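Each reported figure results from applying straightforward, stated rules to the coordinates on display, with no laboratory input. In this text the structure is predicted, and so the values were computed from the model without any measurement. So basically every Cβ, Gly included, is an ideal-geometry build from the backbone, and we count neighbours across all protein chains shown.
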């Protein structure tokens, strides 16, 4: 049977499985897919929402947007064109998207490269090397984000210092809040729910000596941070025009698009979400972009330190917990 003759449900189920490689806040994987003979539907899973840090579901929806984009990338890598309708059911706000196949058009080299990048993409919390990402690579990432309908604002040196202060403040507020500490401990380290969260091997063994501090996980991991810094890193604010669930979903799609291009070009991406979780620092970031839009994440772009081993891929939930098949 040729690819074009395969049952739609089988094609869509494979795309849903591939979407499991998508990044999500604290690796919560807050999505569920429903496969029918006609469509692939994406739903938010509130049981995996960060209730203390993300009470509005902003980061949950951004995370689901990355999974949506990953599913479309997987379909393109199999030669399928598809249509995605965002928020298709006004009566069900957790129904985030519906994907339907529109035809088999053949595989392009670009589609295969993006899919391969999705399989190897990971989050590296080590300091970056002293070799910056090239201007051409940063421009390509920016182009991918813009093609997805969002914007990247590259921070100046003074704005990076403002970001450093905001990140320090956000982490201080979080670590002093008992509910947030409890929530963080639930998803981080050795006792996290199976198949989710961030393992010790992906958490720095000591706080990196960087200008912009990474998130304080309130525990040391086993990831060696080496002697790198972030002096050569570029920092960018991912932003868009609105601050509603549809905008957050689009932000996740744009994040995925930019991250996959970055991976293909050898650029590491580290999202900073703590400054988004706190309303005061989120508002401060609006000032950084001259109030022309709403910030969804801050991204650090750089190249990996070649002298220390990188982190492993974070675990993934079994497909039986993320995909429901109602076809046939």
- Considering Cα pairs under 8 angstrom that are at least six residues apart, work out the relative contact order of segment 17-68 and quote it in whole percent. 44
- Message: Between segment 114-179 and segment 207-226, how far is it from one alpha carbon centroid to the other, in angstrom?
- Response: 15
- Message: Could you tell me the calculated FRET efficiency between residue 265 and residue 107, based on Cβ-Cβ distance and R0 = 25 angstrom, to the nearest 0.05?
- Response: 0.75
- Query: What length, rounded to one decimal in nm, is gained on full extension from residue 319 through to residue 280, with 0.36 nm per residue of separation minus their alpha-carbon distance?
  - Reply: 10.3 nm
- Pairwise FRET efficiency - residue 6 versus residue 131, Cβ, R0 = 35 Å, nearest 0.05: 0.20
- Message: Run the simple label-point estimate for residue 173 and residue 222 please: 7 Å along Cα→C-beta, distance reported in nm.
- Response: 3.5
- Message: Suppose each label sits 7 Å from its Cα in the direction of the beta carbon; what would the residue 165-residue 211 distance come out to in nanometres?
- Response: 1.5
- Query: In percent, what relative contact order does the chain have, based on Cα pairs under 8 Å that are 6 or more apart in sequence?
  - Reply: 26
- Message: Just to verify a number: FRET efficiency for residue 157 and residue 47, C-beta to C-beta distance, R0 = 45 Å, to 0.05?
- Response: 0.60
- Message: For 187, 80, which order do you get if you count the other beta carbons within 10 Å of each Cβ and list the fewest first?
- Response: 187, 80
- Message: Compute the helix-to-body angle for 178-187: its Cα long axis versus the longest principal axis of the chain, expressed 0 to 90° and rounded to tens.
- Response: 50
- Message: With a cut-off of 8 Å between alpha carbons and a minimum separation of six or more residues, what is the relative contact order of segment 135-302 in percent?
- Response: 30
- Query: Can you give the angle from 0 to 90° between the axis of helix 109-120 and the longest principal axis of the chain, with both taken from C-alpha atoms, to the nearest 10?
  - Reply: 60
- Counting each DSSP H run of 4 or more residues in the chain as -39500 (n - 2.57), what helix-only mean residue ellipticity at 222 nm follows after dividing by all residues, to the nearest 500 deg cm²/dmol? -11500 deg cm²/dmol
- Item | Helix 8-18 axis, angle to the chain major axis (alpha carbon atoms, nearest 10°) | 10
- Message: Running a GNM on the chain with Cα contacts under 10 Å, which residue among 305, 179, 216 ends up with the highest mean-square fluctuation?
- Response: 179
- Euclidean distance between Cα centres, segment 258-321 to segment 1-46, Å: 23
